[in-house]
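The values are calculated or read from the model by the stated rules, or taken from the named source; none is laboratory data. These numbers were taken from a predicted model, which means no experiment stands behind them. Note that each Cβ is placed from the backbone with ideal geometry, even for glycine, and that neighbours are counted across all protein chains shown. Protein only, heavy atoms only, side chains kept; ligands, DNA and RNA dropped before computing areas. Shrake-Rupley method; radii C 1.70, N 1.55, O 1.52, S 1.80 Å.
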Amino acid sequence: MKPQFSMTSIFTIISLWSLFSCGDDSSPGLENTKFLAYSIMVHQEGQTELLSETRQINVTISFDADITKLTASFGLSPDATAFIGNVQQESGVTVNDFSAPITYRVESADGASSDWLVTITQMDKPDFIVTTLVKDFPGNDGVSVDKDGYIYVNSNGKLNQWNGTTIYKVSPDGSEVSQFAAGLPSWPVGSQLDRDGNLYVTGWNAPRIVTKILQDGTTQKIASGIQEASGLEIDNDGNFYVMEPPTNSMIKITPDGQKSVFAQGGSFNKASGITYDRGGGTFYVSNWFDGNISHVAADGTVSLFTTLPVRNLGPIFISRNFLYVSNPNGNKIYRVDKNTKEFILLAGTGARGNVDGFANQASFSFPLGVGISPDGKHVYVAEVSPSGNGRLRVISPAE
């Protein structure tokens with residue numbers, strides 16, 4: 001039997017449908033009560049999340065904004081008006097306290113209205129700040145720091161010429177810059193100090209020599225014939241380790257000058273950066289051709305330690321429980337927790353530049369060498385510029 005409906009029943013059904021569908025945005029009235037755009041003036045970080053279906057708006061603002069006094073810029077449906085409570089809102093003018101979510105009421109000219117919930121999230125204060133210690137000087141590659149806080153920076157010469165032959169010494173406050181050594185094999189890359197304060201550097205170009213530089217600037221040849229000699233380290237027994245990128249090898253040089261291949265292959269991919277964990281007696285190696293960091297055990301076994309989301313890595317340095325590594329082509333500096341393998345982007349937006357400021361807003365220009373102050377608080381970064389002059393930047397805790 002087919003169901004039977006009276007005219008009264010049909011009218012009742014239509015009335016109920018009209019009543020319960022009044023909250024649907026497809027109804028003509030509510031279509032005219034929408035936020036079409038919304039932003040917080042001056043302090044917004046990133047894009048607004050405007051959810052029309054649920055009438056929610058989410059915005060993130062900078063850590064230094066006064067969340068109790070913010071001004072919103074917005075666009076509404078034609079002829080619509082926005083209110084908070086009984087106060088009419090004017091785009092770009094009205095100031096509100098957003099320390100808790102705020103509800104706007106948007107009214108159309110035909111009397112329809114809808115409520116919109118706006119939630120403002122404030123970013124945490126950055127943990128680090130970037131400053132320029134020395135600008136426009138020839139130091140632009142490997143970095144080492146002595147026990148008194150003096151910084152030694154290699155000069156690799158002009159971009160794509162790589163003909164530098166000097167090392168510069170910088171006082172801890174950056175006020176004094178002097179030439180420490182000159183006439184070295186061209187393109188000094190690796191940099192490492194021994195316990196007596198002697199500095200060792202590698203020469204990437206022929207004749208590919210490891211040079212010892214005494215505190216008076218006198219130089220001595222330690223070893224030669226290492227292809228594209230790059231990162232350099234010294235273990236607890238005084239053995240030297242030099243990265244040979246073309247063969248993906250770590251070359252060991254004993255104090256009496258005997259050379260041998262200590263580690264090779266595995267996750268190495270033009271492996272060029274090296275740092276020694278004195279407590280564990282092992283090494284960490286960074287790749288120039290990808291974002292892999294390798295762990296090299298005391299017996300020379302190579303294994304993948306972690307992978308950073310970048311295309312190339314530069315020099316790497318360990319301090320306490322953290323690894324610091326540069327990403328030259330990405331203009332960033334990363335920090336990796338040695339114990340958990342968790343990493344953070346320590347500083348750099350990725351855009352090439354020389355902007356100082358909070359670490360998440362600062363920019364670098366092809367950062368290469370990294371070094372750490374004796375107290376472990378300050379990370380020194382040497383940059384390259386096309387002219388051959390570089391900058392020495394510092395990443396420090398934000399006070």
Task: Estimated FRET transfer efficiency (N239, T131; beta-carbon r; R0 25 Å; 0.05) - done: 0.10
Task: CD proxy at 222 nm, helix term only [per DSSP H run n ≥ 4: -39500 (n - 2.57); per residue of the chain; nearest 500] - done: -1500 deg cm²/dmol
Open item on the list: If R₀ is 35 angstrom, what is the calculated FRET efficiency for the pair R195 and S385, using the beta carbon separation as r and rounding to 0.05?
Closed with: 0.55
Open item on the list: Using a Cα-Cα cut-off of under 20 Å, which lysines could be cross-linked to K332, ignoring same-chain neighbours fewer than 8 residues away?
Closed with: K125, K135, K270, K341, K377
TODO: Report, to the nearest whole %, how much of the accessible area of the range 113-233 belongs to carbon and sulfur atoms, 1.4 Å probe, protein only.
DONE: 44
Open item on the list: Just checking my list [x] 64, 48, 38; [y] 108, 40, 36; [z] 107, 60, 36 against Cα extents along the principal axes in Å computed from this structure; which label fits?
Closed with: [z]
Task: Estimated distance in nm for a label pair at K341 and Q220, the labels positioned 7 Å out from Cα along Cα-to-Cβ - done: 4.1
- [ ] Identify which of G266, G46, G376 has the largest mean-square fluctuation in a Gaussian network model of the chain, with springs joining Cα atoms closer than 10 Å.
- [x] G46
Task: Ordering of 220-226, 164-170, 338-344 by burial proxy (mean other Cβ atoms within 10 Å per residue, highest first) - done: 164-170, 220-226, 338-344
Task: Under Karplus coefficients 6.51, -1.76 and 1.60, residue-wise ³J(HN,Hα) of the range 102-109 in Hz, glycine/proline x - done: 10, 9, 9, 10, 9, 10, 9, 5
- [ ] Please give the length that would be gained between A109 and R320 if that part of the chain were fully extended, namely 0.36 nm times their separation in residues minus their C-alpha to C-alpha distance (nm, one decimal).
- [x] 69.4 nm
TODO: Just grab the label-to-label distance for E399 and N163, each label 7 Å out from Cα along the Cβ direction, in nm (one decimal).
DONE: 4.4
TODO: Could you do me a favour and compute the accessible area per residue for the range 161-252, 1.4 Å probe, result in Å²?
DONE: 40
Open item on the list: Run the simple label-point estimate for Q227 and L117 please: 7 Å along Cα→C-beta, distance reported in nm.
Closed with: 6.3
Task: Nearby aspartates and glutamates by direct alpha-carbon distance to K69 (threshold 19 angstrom, same-chain neighbours under 8 apart not counted) - done: E45, E90, D97, D124
- [ ] Which order do the peptides 251-259, 142-150 take when ranked by the mean count of other beta-carbon atoms within 10 Å per residue, highest first?
- [x] 142-150, 251-259
Open item on the list: Please compute the length gained on full extension between N354 and V95, using 0.36 nm multiplied by the number of residues separating them and subtracting their Cα-Cα distance.
Closed with: 89.8 nm
Task: Nearest-ten-degree value, helix 7-20 long axis tilted from longest Cα axis of the chain - done: 30
Open item on the list: Over the chain, what is the relative contact order in percent, taking alpha-carbon pairs closer than 8 angstrom and at least six residues apart?
Closed with: 12
Open item on the list: Under 19 Å between alpha carbons, and skipping anything fewer than 8 positions from K147 in its own chain: which aspartates and glutamates qualify?
Closed with: D173, E176, D194, D196, D216, E233, D235, D277, D375
TODO: With the full set of protein chains in place, find how many percent of the accessible area of the range 333-397 is carbon and sulfur; take the probe as 1.4 Å.
DONE: 51
